[in-house]
Amino acid sequence: MSNLLAGHRRIVVKVGSALLVDRERGLKRTWLESFGEDIARLKEEGREILVVSSGAIALGRKLLKMPGGPLRLEESQAAAAVGQIALSRTYCEIFGRHGIETGQILLTLGDTEERRRYLNARATIGTLIGLGAVPVINENDTVATSEIRYGDNDRLAARVATMVDADLLVLLSDVDGLYTAPPALQPDARHIPLVEQITPQIEAMAGSAGSELSRGGMKTKIDAGKIATASGSAMIITAGHRLYPLTAIERGERATLFRASGNPVTARKRWIAGHLNTAGRLLVDAGAVQALAAGKSLLPAGVVGVEGEFERGDTLVIAGPDGHEVARGIVAYDAAEARRVAGLRSSEITEALGYEGRSAMVHRDDLVMDLNVDDRREAAFGTA
C-alpha cells in the first residue's frame, strides 16, 4: 500500500506495552530512540503528534522486581505509580534531544465520559499542541480501578483522537494488522489491508488479549476503530516492533487501514458515540429503526423494552429487533419513567405519568446512528 500517513495533519499514535518494555531488560531504549526520531521528523513536516502510551505497569513491575503472573489490584497500582515516573522521564529525555517539549496527561475513563471533564481535558491537550509540545497520555492507573481490571489504551487512544479532532489514529502493536482469524491460531489466516467499514463480520474476526504485558487484543482495536472512524478519524493497525515504526508505515510495510466515516458528526455527537460505558439499553421495533435511519427522534411508541437502571441524561444503547446496536444517545427519561411510557403514543404519555412528559425518548440532536445500521436495515426490510 502507498504511504498511509500522507495527507494527515494531526495524528494520535498509541504505543503498546510490549513495544516499550522487555520483561528481562526493562525499557527498550533503542526502539524508543528510533520512535523519537520519527516523531521529530513528522513535527518538522508540520504534523501535530499526540502519543498514547502504555507501559507504566509493565515498567514499574520490572523496576520493583515484582514476580511474573497476574498482579493484585494494589500491586498494579503500585507498579503504575513507579513506572509512570520512569516512563515520563524517558519520553521527556528522548523528545528533548530534538527540542520537543513533552506534556504528561493522565486520564481516567470518567474524564472522557463526563462532558465537563471531557471538555476540560480537550482544552488542556489542545493548548499543549498549540504550544508545540507532544502530549503523552496514559490511563491514570494508580487510581482508576475499573480501568486496571478491564481497561485498555486502544480505546483510550480512540477517545483522544475524537476529542482532539485527529485525522488519523495509529495503533502500534505486536500484530501487523487485521486478519480473517487470529494468525497464532490459524496460520493460513489472510491479512486484510483495507477495511472500508466495520461490519459485524469484521468484528467477528477479532481475537483476545495476547500477553501479560498487553491488556488489549484485536477486539479492543476493532472497538477503537468503531469509535475513531465514526467520528471522522481514519485508523491504522500495524506492527510496531520495527525500529522507526512510523517510517515503516510510510514505506508501505504491512498494515491495515480503516477508513473514516464519510459523514463526520458534530463535537457533541462524537462524545456520545465514543462512550465506552453505557447505562442501559432501549429495545426498539423495526419501524423505529427505519425512523432513526431517516434522521428522526426515538419516540416512546417505538420502544418495546427497557433494560438497566439509568437517569435522564445518561447515554444508552438503542438496539433493534435482532438485538444489535443501531444507535446510542442521551435519554430524556429515567428508567422508571421510560418503562411506564414505552410503547405509548404521544397522546397517552401525560395520562401514564400523571404529568406532561417529553415527546421524544431520545431526541435526534442527542442521538448517533451506528455505522452498520444500513446493513441491518437491508436485512430487516430487504432494501439498501
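With θ taken as phi - 60° and the Karplus curve 6.51 cos²θ - 1.76 cosθ + 1.60 applied, the whole-hertz 3J(HN,Hα) list for region 155-168 is 6, 4, 4, 5, 5, 5, 4, 5, 4, 9, 6, 5, 7, 8 Hz, x standing for glycine and proline. Annotation: extensible slack from H324 through T127 equals 67.0 nm (criterion: 0.36 nm per residue apart, minus Cα-Cα distance).
The spread of Cα positions in region 10-270, taken along each principal axis and listed from longest to shortest, comes to 44, 44, 37 Å.
Residues whose amide H falls under 5 Å from that of I318, counting only those 5 or more places apart or on a different chain, are L282, V326, A327, R328, G329, with hydrogens built in the peptide plane.
Largest mean-square fluctuation among I192, I272, I330, in a Gaussian network model of the chain whose springs join Cα atoms under 10 Å apart, belongs to I192. In this structure, the amide hydrogen of V21, modeled 1.01 Å from its nitrogen in the peptide plane, lies closer than 5 angstrom to those of K28, counting only residues at least 5 positions away or on a different chain.
Evaluate the relative contact order of region 10-270 (contact order divided by residue number), counting alpha-carbon pairs under 8 angstrom at least 6 apart; express in whole percent. Value for region 10-270: 22 percent. Considering only L367, A133, W271, and ranking their Cα positions along the charge dipole of the chain that arises from unit charges at the beta-carbon of Lys, Arg, Asp and Glu, the one farthest toward the positive end is A133. Axis of helix 73-96 versus longest Cα principal axis of the chain: the two differ by about 60°, to the nearest ten degrees. Taking the chain as a Gaussian network of alpha-carbon nodes connected by springs under 10 Å, the highest mean-square fluctuation of the residues A40, A123, A79 belongs to A123.
For region 278-381, the direction-averaged projected area of the alpha-carbon convex hull comes to 5.7 nm².
Taking K and R as +1 and D and E as -1, what net charge do the other residues with C-beta under 12 Å from the C-beta of L178 add up to?
Neighbour charge sum, excluding L178 itself: +2.
Among the trypsin sites (Lys or Arg not before Pro) within region 81-164, those in coil by DSSP and having at most 12 neighbouring Cβ atoms inside 10 Å are R97. When +1 charges are put on Lys and Arg Cβ atoms and -1 charges on Asp and Glu Cβ atoms, the dipole computed for region 251-298 relative to its Cα centre reaches about 220 debye.
Residues E325, E356, ranked from the fewest to the most other C-beta atoms within 10 Å, line up as E356, E325.
Ranked by how many other Cβ atoms sit within 10 Å of their own Cβ, fewest first, the residues V160, V341 fall in the order V341, V160. Structure remark: mean-square fluctuation, Gaussian network model of the chain, C-alpha springs under 10 Å; the largest value among L367, L106, L316 belongs to L106.
Among L178, I227, G96, flag the residue with its Cα farthest along the positive direction of the charge dipole of region 10-270, charges on Cβ as +1 for Lys/Arg and -1 for Asp/Glu. Comparing the listed Cα positions along the dipole, I227 ranks first. Summing Cβ point charges (Lys, Arg +1; Asp, Glu -1) relative to the Cα centre of the chain gives a dipole of roughly 660 debye.
3J(HN,Hα) along region 291-297: 5, 4, 5, 8, x, 9, 6 Hz, from the Karplus curve 6.51 cos²θ - 1.76 cosθ + 1.60 with θ = phi - 60°, whole Hz, x for Gly and Pro.
For K43, the aspartates and glutamates whose Cα comes closer than 20 Å to its Cα, not counting residues fewer than 8 places off in the same chain, are E33, E93, E101, D165, D167, E250.
Considering only DSSP beta bridges where both residues belong to the chain, give the percentage that are antiparallel (nearest 5). Bridges in the chain are about 40 percent antiparallel. Length available on full extension from R259 to D365: 0.36 nm per residue minus the Cα-Cα distance, which gives 35.7 nm.
Between A352 and R339, the simple spin-label model (points 7 angstrom out along Cα→Cβ) gives 1.3 nm.
Each of S231, S297, S2, S53 was scored by other Cβ atoms within 10 Å of its Cβ. Arranged with the fewest first, they read S2, S297, S53, S231.
None of the figures in this text is laboratory data; all of them are computed from the coordinates on show. Here the structure is a predicted model, which is why all the values come from computation and not from measurement. FYI the Cβ positions are ideal-geometry reconstructions off the backbone, even for glycines, and counts take in every protein chain you see.
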